[in-house]
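The structure appears below as structure tokens.
Please treat every number below as a calculation from the coordinates, not as lab data. All values derive from a computational prediction rather than experimental measurement. Here the Cβ is made from the backbone with ideal geometry for all residues, glycine too, and neighbour counts use every protein chain on show.
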Amino acid sequence: MSLSPKLRYVGSRLVTTLLVLLCATILLFGLTLLIPGNPAEVLLGPRATPETVQAYSHAMGLDRPLLQRLLIFLGNVLRGDLGRDVISGRPVLDLVLEVFPYTLTLTLAAIGLAVVLGVPLGCYAATHPGSWFDQVGAVTSVAFIAMPNFVVAVFLVLIFSVWLHWLPVLGVGRGGGWGDAALRLILPALSLALSWIGYIARLLRASLLEVLGEAHIRTARAYGVPERRIVYRNALKLAAIPTVAILGLGVGRLLGGAIFAEIVFARPGLGTLVYDAIAVRNYPVVQATVLVVVGVFTLTNLLTDLSYLWLDPRLGRRLGEGR
Amino acid sequence: MTDFSRRRILGAAATTAILSATGFPFPVLAQQGRTSITLAIGRDIQGLLTPPERIGPIEGNIIRTVCQGLIRFKPGSFEWELSAAKTLTQVSDTEISFELNPGLTFHGGYGEMTADDVKFSFELFAKPTADGKPAGYAKDWASLDHVEVTGKYTGKIMLKSAAPQLWLVVLPDNSGLIISKKAFEAGCYRSDQQPIKVIGTGAYTLAEWVPNQRVVLKANPDWKGEKPAFAEVVLQPVRDPKTAELALRANELQFTPVEPADAAEIEKEKDTKLLRQDSINYVWIGLNVEKPPFDNPKVRQALKLAIDVEQVLAGAYNGTVKPAYALMAPGLLGYWADAPKPKADPAAAKKLLAEAGHPNGFKCTLTLMSKPTYQAIGQIVQALLGEIGVQVDLQVLDAAAYYAVGKGDSGKNLDMALQRFGGKADPAFQTQWFVASQIGTWNWQRWNDPQFDDASAKAASINDKAERNRLYIEAQKRMEQSGAYIWLTHEANIFAFRPWLKPAVLPNGDDMLYDRFTTA
């Protein structure tokens with residue numbers, strides 16, 4: 001029995017994703033070993049006795065051979081056991097699951113904001129090339145892309161929190177009101193999204209201009225199809241492919257960027273979790289958190305790859321021809 | 001002109017009602033109530049919340065607010081006053097007797113505090129932890145033999161030898177706090193149990209800990225002492241000092257430590273006050289006396305003469321701290337008032353270098369921790385030593401890597417290190433790191449001086465204050481003669497807060513008395 005080309009494509013992407021995850025896990029394990037500093041000594045501080053350091057090293061498994069530690073780590077990951085936090089003794093999975101929703105919310109809010117603002121800007125610029133809006137948009141977009149996120153964050157806080165007192169700075173809110181939580185999401189999400197708004201707008205403009213020059217669009221125009229319909233129903237879907245690809249990578253970058261946003265805005269999340277863990281060489285937490293980020297990143301890339309089948313029907317046809 | 005039509009007013013009222021119902025906070029309109037204060041802490045709680053196993057001052061400050069000791073520090077000083085104890089008397093060098101105030105009840109229904117709880121709390125330091133490890137702060141009670149319970153409220157603390165530092169470093173501090181034996185045995189104080197329970201008899205209870213978000217302390221309704229000024233103290237982990245400063249300016253925080261270099265700028269803000277305390281910590285540049293060319297006393301002396309400490313402090317701390325001339329800070333027992341106050345003299349330094357066989361200087365490395373202030377110190381020192389031909393490479397490391405670099409055999413390769421240790425009220429705490437047995441651990445200068453070791457050991461084991469003072473000054477003279485220590489500063493603690501708040505901080509700057517924060 002032979003599988004359909006689309007299923008084979010999905011299968012091959014899945015295998016690649018699993019391989020990437022395995023390589024990333026091994027690489028991650030190796031990298032944590034290269035970081036200087038004895039985790040037990042860092043954890044216990046200046047007043048630790050050699051006996052305490054030794055006992056902690058044993059508890060963290062640092063006295064075992066490297067290969068054994070790697071195999072134990074991989075075996076545990078496969079069983080869904082990400083280890084225990086060496087400081088609190090709590091399962092690392094619990095710690096990660098506790099804060100992951102905050103990071104995910106922040107990342108999705110930033111992506112949402114970038115798409116909601118970047119796509120219309122890109123479309124308008126592409127349909128009005130050379131206009132003052134297009135020219136101002138180009139300069140602004142490049143400025144947004146070039147500005148480091150932390151600088152944007154500080155300016156946003158200064159303007160909206162310190163001077164205007166409109167938006168809060170710290171945390172995710174207390175008391176459970178969604179209004180408060182949403183309000184506290186605005187500044188961190190905006191500081192993450194701003195460069196992506198510019199990026200998406202520029203990218204979409206360029207690819208939309210290219211698609212609008214293609215033969216099938218000219219044919220549609222010749223048949224008298226309304227311009228709005230041509231742009232938003234025919235051209236945008238094709239022009240969105242590079243943007244979707246970039247957004248797929250962007251999820252990973254935004255997850256990484258969320259670390260800075262969580263530190264600057266004192267929000268809970270994977271960023272603050274890994275930041276604290278690195279400072280005290282809490283390896284199980286560092287490894288688990290980075291593994292989750294790598295997992296989300298590769299999964300998003302897989303979904304991005306699969307989305308091409310829907311966005312560009314020509315890909316499905318090409319897979320069929322190659323059979 | 002504004003149109004106040006009926007429709008507009010009704011619309012605005014409806015919008016307000018809907019937003020209020022959803023928890024919309026209206027930051028512009030919000031008025032900061034004076035029953036609750038939000039204070040910044042540098043990180044979240046970690047580890048267990050018991051006195052012997054606390055990780056550091058953040059946990060210690062919380063336990064101190066929830067639990068009582070026999071005695072406690074007065075705000076802003078290292079003087080102590082009675083707390084849970086009605087009396088506390090040094091009977092002999094090895095015996096301290098106590099009597100508890102009756103009626104001190106542990107919250108959460110864990111009953112009245114008795115002498116059994118005191119015995120349990122102090123002897124817990126000698127017991128291995130649940131994982132079989134020695135407790136992190138076991139050394140604090142190393143001199144304890146046992147606690148003898150003589151009545152419901154009375155007992156004797158029996159020591160193996162005289163331990164004067166107990167009165168300043170242990171009994172009024174976090175290691176002297178009394179926890180409930182019953183609550184401990186019921187699994188309280190453990191951070192791996194959610195919700196965490198910390199049971200004490202203090203002015204506040206630990207009402208809530210939301211990991212990575214906040215710690216909420218609420219006034220203890222059963223507290224018999226002076227009523228705390230605030231019904232609620234919220235501790236907000238803010239890892240970035242700049243964020244804390246901005247949050248203070250946005251009135252989301254009412255109190256935060258600030259970097260000395262930022263103090264002048266923050267002081268210009270209206271509705272913000274600064275508290276500046278000279279600290280008892282110590283920052284110095286240490287030279288590895290085992291490694292050439294620093295094994296030559298003339299080289300060490302030359303470097304000391306080349307570094308203009310006042311210039312370093314003006315650049316790195318914006319002139320907010322005073323120079324240090326010896327290990328003990330002013331005000332501490334053993335403070336050496338007549339310590340030499342050398343003036344920088346690059347010409348004399350060059351001459352000494354030439355005499356030591358290095359007329360053209362040499363190359364070396366200064367290891368320091370990655371913090372803006374320390375990096376600024378490193379750069380200024382680099383420039384100053386460059387003037388006498390000593391080329392300094394800066395090795396800037398993150399905390400974990402930095403703390404590893406002077407340990408064990410790797411410490412033999414250190415040239416110079418910029419170091420900073422926290423001080424405590426008793427000089428025994430300060431001198432303990434510089435003895436020969438600490439080589440390869442915390443004595444990164446690898447300085448071995450039996451006379452220093454003898455003087456500090458003797459001073460730590462006698463109660464005669466005058467003699468202790470003399471011995472500690474003697475010990476510091478030995479340090480000075482070694483030339484291995486270039487003292488920079490005892491630091492200053494600077495805190496920014498709302499003008500209506502009166503904070504309560506101990507002189508080391510790390511220890512806070514949250515229960516004694518009041519309105520100005």
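Non-local amide H neighbours of B:GLY319 (under 5 Å, H modeled in plane, Pro and chain starts lacking H): which ones?
B:ALA314
Let me spell out the model: positive unit charges on the Cβ of Lys and Arg, negative unit charges on the Cβ of Asp and Glu, origin at the Cα centre of segment B:246-343. What dipole size does that give, in debye rounded to 20?
360 debye
Please report, in debye to the nearest 20, how large the charge dipole of the protein assembly as shown is about its Cα centre when each Lys and Arg carries +1 at its beta carbon and each Asp and Glu carries -1 there.
Numbers: 83 positive and 75 negative charges, 567 e Å.
The calculation lands at about 2720 debye.
Could you give each residue of segment B:319-324 its phi-based ³J(HN,Hα) in whole Hz, using Karplus coefficients 6.51, -1.76, 1.60 with θ = phi - 60°, and x for Gly or Pro?
x, 8, 10, 9, x, 9
Assuming a ≥ b ≥ c are the square roots of the Cα gyration tensor eigenvalues, decide whether chain B counts as rounded (a/c under 1.5), prolate (otherwise, with a/b larger than b/c) or oblate. Please report the intermediate quantities before stating the final value.
Values: a/c = 2.30, a/b = 1.26, b/c = 1.82.
Oblate is the answer for chain B, as a/c is 1.5 or above yet b/c matches or exceeds a/b.
Residue by residue, what Karplus-based ³J(HN,Hα) values in Hz, rounded to whole numbers, does segment B:209-221 have, using 6.51, -1.76 and 1.60 with θ = phi - 60° and x for Gly and Pro?
Once θ is set to phi - 60°, the couplings for segment B:209-221 become 10, 9, x, 6, 10, 6, 10, 10, 10, 10, 4, 7, x Hz.
With each label point set 7 Å from Cα along the Cα-Cβ vector, what nm distance links A:LEU303 and A:TRP163?
Here the answer is 3.8 nm between the modelled labels.
Quick one: which residues, 5+ away or cross-chain, put their amide H under 5 Å from the amide H of B:THR105? H built at 1.01 Å from N.
Correct list: B:MET113.
Alpha carbons only, please: Rg and Dmax for segment A:137-207, in angstrom.
14.3, 46
Pop a pseudo-label 7 angstrom from the Cα along the beta-carbon direction at both A:VAL116 and A:GLN54 and give the gap in nm to one decimal.
Modelled inter-label distance: 6.0 nm.
Tell me which of B:PHE421, A:LEU158, B:TYR137 sits at the most positive position along the dipole axis of the protein assembly as shown, charges placed on C-beta atoms (Lys, Arg +1; Asp, Glu -1).
A:LEU158
Along the charge dipole of the protein assembly as shown, which of A:LEU209, A:GLY256, A:VAL139 sits closest to the positive end, that is, farthest toward it, with unit charges on the beta carbon of Lys, Arg, Asp and Glu (+1, +1, -1, -1)?
So the residue we want is A:LEU209.
Taking the Cβ-Cβ separation of B:GLN451 and A:ILE145 as r and a Förster radius of 45 Å, what is the calculated FRET efficiency to the nearest 0.05? Walk me through the numbers before you get to the answer.
Details: r = 65 Å, r/R0 = 1.44.
Using R0 = 45 Å, I get an efficiency of 0.10.
At 37 °C and 0.692 mPa s, what whole-number value in µm²/s does Stokes-Einstein give for the translational diffusion of chain A, with Rh from the Kirkwood sum over Cα pairs?
D, rounded to a whole number, is 144 µm²/s.
How many nm is it between the label spots at B:ASP393 and B:GLN194, if each spot is 7 Å from the Cα in line with the beta carbon?
The answer from the label model is 4.7 nm.
Which of B:THR431, A:THR289, B:THR94 has the fewest other C-beta atoms within 10 Å, and how do the rest follow up to the most?
Working: B:THR431 24, A:THR289 28, B:THR94 16.
Starting with the residue having the fewest Cβ neighbours, the order is B:THR94, B:THR431, A:THR289.
Remind me, relative contact order of chain B in percent, using alpha carbon pairs under 8 angstrom and six or more residues apart?
Working: 1049 pairs, mean separation 95.8, N = 520.
Result for chain B is 18 percent.
Just tell me the longest site-free run in chain B, where the sites are GluC sites (Glu not before Pro) in a DSSP loop having at most 13 other beta-carbon atoms within 10 Å. Don't skip to the answer; put the middle values down first.
Values: sites that count: B:GLU79, B:GLU226.
The longest such stretch corresponds to B:227-520.
Output needed: percent of Cα pairs per 10 Å distance bin for segment B:406-520, bins running from 0 to the one holding the longest distance.
All Cα pairs considered, the percentages come to 12, 34, 28, 17, 9, 0.
Between B:ILE178 and residues 5 or more places away or on another chain, which pairs have amide H atoms under 5 Å apart, with H built 1.01 Å from N, and which residues are they?
Amide H neighbours of B:ILE178, under 5 Å, 5+ apart: B:GLN68, B:GLY69.
I'd like the mean, over residues of A:275-281, of how many other protein chain beta carbons sit within 10 Å of each residue's own Cβ. Walk me through the numbers on the way to the answer.
Details: counts 3, 6, 0, 3, 5, 6, 6.
Mean partner-chain Cβ count within 10 Å for A:275-281: 4.
For chain B, which longest stretch is free of loop sites, where a loop site is one of the trypsin sites (Lys or Arg not before Pro) that DSSP puts outside H, G, I, E and B and that has at most 15 other Cβ atoms within 10 Å?
On the way: sites that count: B:ARG34, B:LYS152, B:LYS160, B:LYS224, B:LYS268, B:LYS270, B:LYS343.
Here the longest segment lacking exposed loop sites spans B:344-520.
Hey, if you put +1 on the Cβ of every Lys and Arg and -1 on every Asp and Glu Cβ in segment B:47-197, which of B:PHE98, B:ALA115, B:ALA162 ends up farthest toward the positive end of that dipole?
Towards the positive end, the residue furthest out is B:ALA115.
Where in chain B are the helices, taken as whole DSSP H runs, whose Cα atoms extend 15 angstrom or more along the long axis and whose Kyte-Doolittle mean reaches at least 0.0? Could you put the intermediate results ahead of the total?
Numbers: long enough: B:6-21 (23 Å, 0.59); B:372-386 (21 Å, 0.63); B:465-482 (26 Å, -1.70).
Those that clear 15 Å and a mean of 0.0 are B:6-21, B:372-386.
How much length would be gained if the chain were fully extended between B:LYS152 and B:GLU290, taking 0.36 nm per residue of separation minus their Cα-Cα distance, in nm to one decimal? Display every interim value, and only then the final one.
On the way: separation 138, 0.36 × 138 = 49.68 nm, distance 5.62 nm.
Separation in residues times 0.36 nm, less the Cα-Cα distance, equals 44.1 nm.
State to the nearest 20 debye the size of the charge dipole of chain B about its Cα centre, where the only charges are +1 on K and R beta carbons and -1 on D and E beta carbons.
Result for chain B is approximately 880 debye, rounded to the nearest 20.
Looking only at the protein assembly as shown, where both bridge partners belong to it, what percent of the DSSP beta bridges are antiparallel (to the nearest 5)? Don't skip to the answer; put the middle values down first.
Numbers: 58 of 75 bridges.
Antiparallel bridges: around 75 percent, rounded to the nearest 5.
Which FRET efficiency, nearest 0.05, do B:ASP278 and B:ARG34 yield, Cβ-Cβ r, R0 51 Å? List each step's numbers first, then the result.
Working: r = 30 Å, r/R0 = 0.59.
With R0 = 51 Å, the Cβ-Cβ based efficiency is 0.95.
Taking 0.36 nm per residue of sequence separation and subtracting the Cα-Cα distance, how much length would be gained by fully extending the chain between B:GLU185 and B:GLN379, in nm to one decimal? It would help to have the intermediate numbers written out before the result.
On the way: separation 194, 0.36 × 194 = 69.84 nm, distance 5.29 nm.
The span from B:GLU185 to B:GLN379 would gain 64.5 nm if fully extended.
Enumerate the calculated ³J(HN,Hα) couplings along segment A:90-96 in order (Karplus 6.51 cos²θ - 1.76 cosθ + 1.60, θ = phi - 60°), each rounded to whole Hz, writing x wherever the residue is Gly or Pro.
7, x, 5, 4, 4, 4, 5
Okay, helix-only estimate at 222 nm for the protein assembly as shown: each DSSP H run of n ≥ 4 adds -39500 (n - 2.57), divide by all residues, round to 500 deg cm²/dmol; what do you get?
Numbers: 27 runs with 375 residues, N = 843.
Value at 222 nm, helices only, nearest 500: -14500 deg cm²/dmol.
How much of the calculated P(r) for segment B:105-164 lies past 18 Å, in percent of all Cα pairs? Mind showing how you got there, number by number?
Working: 799 of 1770 pairs.
For segment B:105-164, the fraction of Cα-Cα distances above 18 Å is 45 percent.
Once you keep just the Cα pairs under 8 angstrom separated by 6 or more residues, what percentage relative contact order results for segment A:138-186?
Working: 21 pairs, mean separation 10.8, N = 49.
Computed value for segment A:138-186: 22 percent relative contact order.
Could you tell me the calculated FRET efficiency between A:HIS216 and A:LEU22, based on Cβ-Cβ distance and R0 = 41 angstrom, to the nearest 0.05?
Numbers: r = 42 Å, r/R0 = 1.03.
FRET efficiency, A:HIS216 to A:LEU22: 0.45.
Which entries in B:LYS119/B:LYS160; B:LYS156/B:LYS227; B:LYS363/B:LYS407; B:LYS182/B:LYS502; B:LYS371/B:LYS465; B:LYS74/B:LYS160 show an alpha-carbon gap greater than 26 Å?
Long pairs (Cα-Cα over 26 Å): B:LYS156/B:LYS227; B:LYS182/B:LYS502; B:LYS371/B:LYS465; B:LYS74/B:LYS160.
If the cut-off is 21 Å between C-alpha atoms, which lysines fall inside it for A:LYS237, apart from same-chain ones fewer than 8 positions away?
Partners found: A:LYS6.
Only Cα pairs under 8 Å and at least 6 apart count here; give the relative contact order of segment B:293-426 as a rounded whole percent. Display every interim value, and only then the final one.
Numbers: 172 pairs, mean separation 35.8, N = 134.
Computed over segment B:293-426, the figure is 27 percent.
Could you bin all the Cα-Cα distances of the protein assembly as shown into 10 Å bins starting at 0 and give me the percent of pairs in each, rounded to whole numbers?
2, 11, 18, 22, 20, 13, 8, 4, 2, 0, 0
Please report, in cubic angstrom per residue, the volume enclosed by the convex hull of the alpha-carbon atoms of segment B:58-204. Display every interim value, and only then the final one.
Details: hull volume 16.3 nm³, N = 147.
Spread over its residues, the Cα hull of segment B:58-204 gives 111 Å³ apiece.
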